[in-house]
Amino acid sequence: MNDMTPTQAERTGKLEGLGCRRKRTEDIRFTQGRGNYVDDLKLPGMLFGDFVRSSHPHARIKSIDTSKALALPGVKAVLTAADLKPLKLHYMPTLAGDVAAVLADDKVLFQNQEIAFVVAEDRYIAADATELVEVEYEALPVVVDPFQAMAPDAPVLREDIKDKMDGAHGPRKHPNHIFNWQVGDKQGTDAVFDTAEVTTKDLFVYHRTHPSPLETCQCVASMDKIKGELTVWGTFQAPHVIRTVVSILSGIAEHKVHVIAPDIGGGFGNKVGVYPGYVCAIVASIVLGVPVKWVEDRMENLSTTSFARDYHMTTELAATKDGKILAMRIHVLADHGAFDACADPSRWPAGFMNICTGSYDIPVAHLEVDGVYTNKASGGVAYRCSFRVTEAVYSIERAIEVLAHKLGMDSVDLRMKNFIKAEQFPYHSALGWEYDSGNYHVAMQKAMDAVGYPALRAEQKTRQEAFRRGETRQLLGIGVSFFTEIVGAGPSRNCDILGVGMFDSAEIRIHPTGSIVARMGTKSQGQGHETTYAQIIATELGIPADDITVEEGNTDTAPYGLGTYGSRSTPVAGAATAMAARKIRAKAQMIAAHLLEVSEYDVEWDIDRFKVKGLPEKFKTMKEIAWAAYNNLPPGMEPGLEAVNYYDPPNMTYPFGAYFCVMDIDVDTGVAKTRRFYALDDCGTRINPMIIEGQVHGGLTEAFAVAMGQEITYDAQGNVMGASFMDFFLPTAVETPKWETDFTVTPSPHHPIGAKGVGESPHVGGVPCFSNAVNDAFAFLEAGHIPMPHHAWRLWKVADGLGLHA
Amino acid sequence: MIPSGFEYHRPNSVQEAVALLAQLGEEARPLAGGHSLIPVMKTRLSAPEHLIDLAGVSGLKGIRQEPGHIVIGAMTTQYEISGSPLLAETLPILRETSLQIGDPQIRYLGTLGGNVANGDPGNDMPAVMMCLDAEYQLVGQSGQRGVRARDFYLGAYDTARQNGEILTEIRIPVPPRGHGYAYEKLKRKVGDYAVAAAAVILTMTNGKCTMASIGLTNVADTPLWAEAAAQALIGTGLDHAAIANAAAAAETITDPAADGRGPAEYRTKMAGMMVRRAIARAKSRAQN
Ligand SMILES: Cc1cc2nc3c(=O)[nH]c(=O)nc-3n(C[C@H](O)[C@H](O)[C@H](O)COP(=O)(O)OP(=O)(O)OC[C@H]3O[C@@H](n4cnc5c(N)ncnc54)[C@H](O)[C@@H]3O)c2cc1C
């Protein structure tokens, strides 16, 4: 071996494993325009599909005339519900136990709903042909407000299920009602509220918005009629689940369905579901026997595929006069749009909304959620958050501020007083979760010290006095939020998607020369999996990360997994990766002992090698062991060095964080400027600090967007408004505040490397932080709760209502 | 997001372009930077059958000085305007305005001619041209004519330009040396059209305002020349009351649409607020 013995630190450094700020390997191709996305795929004879969409939000379809479109040269087919009906594909099952129309049958339920699918030689002809399809409508009364949807005389939206008063989650109490879901101790909670010294009650509306990945949803379906095999390339956050669903829906055996997710340009929850575009492209390819591509445009993306939020949360807290929170009660009216196409684990119709007690030790609580149908697009996806966690955290973090104001207490003091204490972990919450680990007081104190919290409050007081004297027109808001996320779904005992447990997987193969290919059941959409999974393996197996290729997205080669969303990749597939690596290391230990001619109990692991205990110069590196695995094994041992692990997590992981925002608001224009934003995140063990910071920057930027103006609205007639980048607020670098990041490390006790998810934390913590800053700026004027999104014009109206323009 | 089919033409001279327009009629449209026209074609709000690209037409680009006037060729880009030393010296409000249009990519391609000929009340240059009393040179088959910016805008996307005419250049009287100026634009984000914007030029002599002109962007279905608002400033020291009077006068002539930028009431008030701020800034820049 080498004459020089490198130091252990040097050897560790060479691996670029856990904790290394390793540059993202995938960025080499992304930054050079060499990514390979769905729309880059061009197959011989490929046709192009495009939708005819409803101009009405609610109407009966009297007739559809496709003859003029079919007569246009280059048009190959026009599919309508009538064509899909014999295949029983005009409706498809949703993840939430409902059905959703693929192509509208006799009724449309939201504007831009899919009515017909035109297939043509190129996308220009297809677009022209969509204009030639004539649809005759009979307009019906429209319901866009979820409260009105439940009125006794409200128009019935879902005639297809109007007699089915038992839904997927129990009885329905109104034709527009989807489910009622309750968690917690209602009686106990009510009893506390009846006698509490102080209570608060507010309606917090978390407005409808939409994820907006740079790449929209798209797919190419290619049916090989000779082999009877279907290949679908698509923007799929969960490719294996798509394969199973496609097999069930199409009747093609699952081994003859090949689903491939190539590079994906962002997902944020938008690419979890199954959309009519996928189904129609597949049907068209099966019918026509040639590949069919479908690519959504931006307006289609914003107005049809999976919105997020639209939660109307009546939130109550009960407390003592000195600020001990005694109970929480929430009722949510959840607007799901035309179909219940929420992407939640099957048994969770409101996701993990019952994390709504937040970071606080609240003894008793009750949560009730009613889902309703309206004439809006369906969805309800977890846009950069775990299932409904951003709604839950928004609700508790606004309520804390309202309570603090009512008590005349600083909201940080109120939080500190009610935090779950470090020694209470694992902590069982009133609404049924077991928080794995946390150290909230320490994190909050570190954040307060970093921003100089007392000085900020003093500055605010001075500013308020100057404002009252007419010396300034700027208000100063200090936003605080403290959040606990619940990510890494999830244990198969309570989490499944269409019956498949929410485990995840990794397969690692070491080649004879000591390099590695590893495959996972997740799918990166920009999170940097190719970089971070390699780092986990590097540390576990002592092979440099640069010698490890990570592959995802090809369901023929990757082991079955449930995909990437809800910050589950590191908690679940990351755990599987460590566990598969450990299986390999156990075998490597036996090979090493054999090569070193000692007992396997006499060798120990040392960074990138096994060495004989007490004789550090006698060792075999992992590279040497890999070679031996193919030619020099202990007698009777199977050759090769590879392993698969399917990891069923024992629990979720609970990352947390403390955020502060300092904002100036011009009362004359309503324009808010974030002067400072500080984010402290604790995601347990930090695999790649640079990637974590990048994820935090991105999540905060989306949080900023959502809190300050990003929304999808409908007018009273049901027209969808603002579904283009002209109006939909996507901040540029100019608007985006500068982010300061910080951290504490509280490892997850049950995760093999102690890691928790992080990608969604900044969104979950960021939204209430911005909203709290806005509310805090106006609180001294007794403005009451100011709803999101905080557009300039809305803040101007708040100021106007307070008489500040007189 | 896919336009209907169209024919593309690339004439070399104004005569050729005008002849094409005459020959192809209603269904032909001049194409300059394309940054207003192409988006409306992609959303199929407009479907011209012929595009007559002015990029190859000689003589439509450039900035030159004539006695008392600056003349800017229609195909001069917003980027070129923001970078011109001559304009920085004589008409600094043009630099200030062009830098608030869209983003760099848009300014590299978008032209002054397209911006003022478009007829969209959201465009920033028309109000500035009204403020400056610019004149547009239009060439058609029957010859050339000049139309004042203040007379050009008839309604949303409706201008005094005849179908067969091409805008060749914009003639702007040079305001007195030492004038104060400002273009104040409130927008939601970079690349957005104004919630409301105000263009102001004024001169100060011995502490009194001796000349003022005000234009307003995106608060009615045309850009507005706020004559009475400017009048309220003349002879005053631009004190608080005078500025308030001007803002109030500006607000009364607005008639904005309610859209994602806010309700009408807000946009009217913001027009007033932009006027206040533009006057204050113009005053601070004016030589006395
Ligand atoms: C994202 C985005 C943001 C934008 N933001 C702003 C903004 O903040 N402020 C702003 O003012 N603009 C904005 N614009 C519009 C941009 O400035 C356009 O470039 C400009 O409005 C039109 O100029 P153009 O050269 O691109 O003209 P084109 O788009 O080519 O033409 C516009 C119209 O004018 C006609 N036309 C053009 N030139 C002539 C001519 N010489 N004679 C006769 N008719 C002619 C065309 O037929 C067409 O009807 C934005 C555009 C985009 C895409």
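The values are calculated or read from the model by the stated rules, or taken from the named source; none is laboratory data. Not measured: the values here are computed from a predicted model. Every residue, glycine as well, gets a Cβ built from its backbone with ideal geometry; the counts of neighbours run over all protein chains shown. Remember, those area values only see protein heavy atoms, side chains included, never the ligands or the DNA or RNA. Shrake-Rupley method; radii C 1.70, N 1.55, O 1.52, S 1.80 Å.
In the calculated pair-distance distribution of region A:340-469, the portion above 27 angstrom amounts to 35 percent of the Cα-Cα pairs. Given +1 at the Cβ of Lys and Arg, -1 at the Cβ of Asp and Glu and no other charges, the dipole of the protein assembly as shown around its Cα centre is 1520 debye to the nearest 20. Counting Cβ atoms of other protein chains within 10 Å of each residue's Cβ and taking the mean over peptide A:787-794 gives 4. Net charge of the neighbourhood of A:F656, taken over other residues with C-beta under 11 Å away and scored Lys/Arg +1, Asp/Glu -1, is -3. The DSSP beta bridges internal to the protein assembly as shown are antiparallel in roughly 80% of cases.
If both residues of a DSSP beta bridge must be in region A:484-556, then about 65% of such bridges are antiparallel. Only one residue of B:L51, B:Q23, B:H35 has its Cα farthest out toward the positive end of the dipole of region B:7-53, where Lys and Arg carry +1 and Asp and Glu -1 on Cβ, and that residue is B:H35. Going toward the positive end of the dipole of chain A, with +1 on Lys and Arg Cβ and -1 on Asp and Glu Cβ, which of A:V232, A:S378, A:G33 do you reach last? About the Cα centre, the residue reaching furthest to the positive side is A:G33.
Buried surface between chains A and B: roughly 2000 Å² of accessible area, summed over both sides, computed with a 1.4 Å probe on protein heavy atoms only. Here, region B:7-53 is characterised by an Rg to Rh ratio of 0.97, where Rg is the alpha-carbon radius of gyration and Rh the Kirkwood radius. Principal axis extents of the Cα atoms in the protein assembly as shown, from largest to smallest and rounded to whole angstrom, are 100, 78, 75. For A:K324, the lysines whose Cα falls under 25 Å of its own Cα, not counting residues fewer than eight places away in the same chain, are A:K186, A:K201, A:K406, A:K417, A:K421, A:K446.
Cα-based radius of gyration for region A:709-794, normalised by 2.2 N^0.38 Å, reads 1.51.
Charge dipole of region A:294-408 (Cα centre as origin; +1 on each Lys and Arg Cβ, -1 on each Asp and Glu Cβ, all else neutral): 320 debye, rounded to the nearest 20.
Principal axis extents of the Cα atoms in region A:428-584, from largest to smallest and rounded to whole angstrom, are 76, 38, 28. For region A:595-667, chymotrypsin sites (Phe, Trp or Tyr not before Pro) meeting the loop criterion (DSSP other than H, G, I, E, B) and having at most 15 other Cβ atoms within 10 Å: A:Y630. Here region A:211-350 was treated as a single set of alpha-carbon atoms; its pair distances binned every 5 Å from 0 give 2, 9, 16, 18, 15, 12, 8, 6, 4, 4, 3, 2, 1, 1, 0, 0 percent.
Nearest 10 degrees, 0 to 90: what angle lies between the long axis of helix B:14-24 and the longest principal axis of chain B (Cα atoms)? Here the helix axis deviates by roughly 70 degrees.
The fraction of Cα-Cα pairs per 5 angstrom bin, counted from 0 for region A:600-706, comes to 2, 8, 10, 11, 10, 9, 9, 9, 8, 6, 5, 4, 3, 2, 2, 1, 0 percent, rounded to whole percents.
For chain A, the membrane-span-like helix rule (DSSP H, alpha carbon extent of at least 15 Å along the helix axis, mean Kyte-Doolittle at least -0.5) picks out A:239-250, A:276-288, A:389-407, A:440-451, A:529-541, A:575-596, A:689-708, A:761-779; this says nothing about an actual membrane. Net charge of the neighbourhood of A:A450, taken over other residues with C-beta under 9 Å away and scored Lys/Arg +1, Asp/Glu -1, is -2. So what is log10(I(q)/I(0)) for region B:132-221 at q = 0.19, 0.23, 0.24 1/Å, when the Debye sum runs over its Cα atoms only? Values returned for q = 0.19, 0.23, 0.24 Å⁻¹ are -1.03, -1.16, -1.18. If the Kirkwood radius is taken over C-alpha pairs of region B:180-285, then at 37 °C and 0.692 mPa s the Stokes-Einstein diffusion coefficient equals 246 µm²/s. Think of the protein assembly as shown as having a plus end and a minus end, set by charges on the Cβ of Lys, Arg, Asp and Glu; of A:I665, B:Q162, A:P175, A:I665 sits farthest toward the positive end of this dipole. For the residue pairs A:K376/B:K42; A:K23/A:K587; A:K23/A:K618; A:K256/A:K587, the alpha carbons lie more than 27 Å apart in A:K23/A:K587; A:K23/A:K618; A:K256/A:K587. Summing Cβ point charges (Lys, Arg +1; Asp, Glu -1) relative to the Cα centre of region B:180-285 gives a dipole of roughly 500 debye. Enclosing the Cα atoms of region A:54-140 in their convex hull gives a volume equal to 102 cubic angstrom per residue. Region A:452-505 and region B:227-280 have Cα centres separated by 38 Å. Accessible area per residue for the protein assembly as shown is 36 Å², calculated with a 1.4 Å probe on protein heavy atoms, without ligands, DNA or RNA.
Where Lys and Arg each count +1 and Asp and Glu each count -1, what net charge lies around A:R384 among other residues with Cβ under 10 Å from its Cβ? Result for the neighbourhood of A:R384: -2. Across q = 0.15, 0.19, 0.23, 0.24 Å⁻¹, region B:63-173 modelled as identical point scatterers on its alpha-carbon atoms has Debye log10 I(q)/I(0) values of -0.58, -0.95, -1.38, -1.48, in the order of the q list.
The convex hull built on the alpha-carbon positions of region A:217-291 has an orientation-averaged projected area of 4.4 nm². Its residue count N fixes a reference of 2.2 N^0.38 Å for chain B, and the Cα radius of gyration divided by that reference is 1.00. Taking every protein chain into account, the 1.4 Å probe leaves A:I286 with about 60 Å² of accessible area, to the nearest ten.
Computed 3J(HN,Hα) for region A:204-216, one whole-Hz value per residue from the Karplus formula 6.51 cos²θ - 1.76 cosθ + 1.60 where θ = phi - 60°, is 9, 9, 9, 5, 6, 9, 8, x, 9, x, 4, 8, 7, glycine and proline marked x. Between region A:622-638 and region A:202-245, how far is it from one alpha carbon centroid to the other, in angstrom? Value for the Cα centre distance between the two parts: 42 Å. Over the protein assembly as shown, dividing the summed -39,500 (n - 2.57) contributions of all DSSP H runs of at least 4 residues by the number of residues returns a 222 nm mean residue ellipticity of -8500 deg cm²/dmol. Backbone amide hydrogens, once placed in the peptide plane, bring A:L641 within less than 5 Å of A:I510, excluding anything fewer than 5 places away on its chain. Dividing the convex hull volume of the alpha carbon atoms of region A:261-303 by its residue count gives 92 Å³ per residue.
The solvent-accessible area of A:D39, taken with every protein chain present and a 1.4 Å probe, is close to 50 Å². Summary: within chain A, the longest segment free of GluC sites (Glu not before Pro) located in DSSP loops with at most 14 other C-beta atoms within 10 Å is A:198-470.
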